Amino acid sequence: MKLQVNTKLALCSVMEFAADPQRHIPAAEIAEKYGVSAHHLAKVLAELARAGVVESVRGVGGGYRFAANARRLTLMDVISLFEDVAPAHRRDAEEGTPVERGIGSVLAEIDQMARATFSSITIATMLQLVQRQQSRGRTRS
C-alpha cells in the first residue's frame, strides 16, 4: 500500500499533536518542520478537524490540538480519511498468465496485511515507538 503525500502529512501532524495533546500548535510550525506550505497543510488539517481528530483554536495562542483518543485512534483511521482503503479488486490476480495471476495474488495479500497492520496500531502505540527511537538516537550521539 503506497500512501499519498497528504496521508503521510496527516499521520505526521496527528503524531505531533498527540505528543503534546494540551498544547495548541500553529500549523506554520508543523509546515516548517515537514517542509510543506502552510496552505497545503491547512487542507490536511481541515480534514482532520472535520473528522474530530484535531480541533482548531483561533486567535493569539491558537493553533490546532489533538482531540481524539490516542488509545483508540488507529493509523488506519487516519489513513482512511485520505485514501480509498477498501480492498482493491486486483485484475492482475484474475487475468493474464499463471505467473501474473500469482503475482497479483501475492500483491493483494500484501495490501490486506498492510491494512490489518495499520488497523492494529494506535496513535498511543506509535507515540511509544517514536519515544523509543528518540531515546536510541540520544544514546548513540
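At-a-glance table
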quantity	calculated
Selection count where residues are under 11 Å from the mean Cα position of the chain (by Cα) and among the hydroxyl-bearing types (Ser, Thr, Tyr), scope the range 1-35	2
Considering residues of the range 57-81 that are at pLDDT below 95 and of a type in the set (A, V, I, L, M, F, W, C) only, the residue nearest to the chain's Cα centre (by Cα)	VAL57
Pick from the range 100-118, criterion under 30 Å from ASN69 (Cα atoms) and polar (S, T, N, Q), ranking: nearest to the chain's Cα centre (by Cα)	THR117
Segments classed as helices (runs of 4 or more DSSP H), wholly inside the range 1-109, with at least 2 members that are more than 21 Å from THR122 (Cα to Cα)	27-34, 38-50
Options ILE103, ILE123, ILE110; residue that is modelled with pLDDT of 95 or more and either out of contact with any Pro (no Cβ under 6 Å at 6 or more places or on another chain) or of a type in the set (Ser, Thr, Tyr) (or both)	ILE123
Odd one out for LYS2, checked against (1) free of Cβ contacts under 8 Å to residues at least 12 places away in the same chain; (2) surrounded by 13 or more Cβ atoms within 10 Å (Cβ to Cβ)	(2)
LEU107, sole failed condition from (1) buried (at least 18 other Cβ atoms within 10 Å of the Cβ); (2) in contact with a helix residue (DSSP H, G or I) (Cβ under 8 Å, 6 or more places away or on another chain); (3) not acidic (Asp, Glu)	(1)
Residue under evaluation ILE121, criteria (1) among the β-branched types (Val, Ile, Thr); (2) surrounded by 15 or more Cβ atoms within 10 Å (Cβ to Cβ); (3) under 18 Å from the mean Cα position of the chain (by Cα), criterion not met	(2)
Sole residue being in contact with a strand residue (DSSP E or B) (Cβ under 6 Å, 6 or more places away or on another chain) and either surrounded by fewer than 14 Cβ atoms within 10 Å (Cβ to Cβ) or in contact (Cβ under 8 Å) with a residue 40 or more places away in the chain (or both), chosen from ALA18, ALA70	ALA18
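The values are calculated or read from the model by the stated rules, or taken from the named source; none is laboratory data. What you are looking at is a predicted structure, and each value in this text was computed from that prediction instead of being measured. For neighbour counting, all protein chains shown are included, and Cβ atoms are generated from backbone atoms with ideal geometry for every residue, glycine included.
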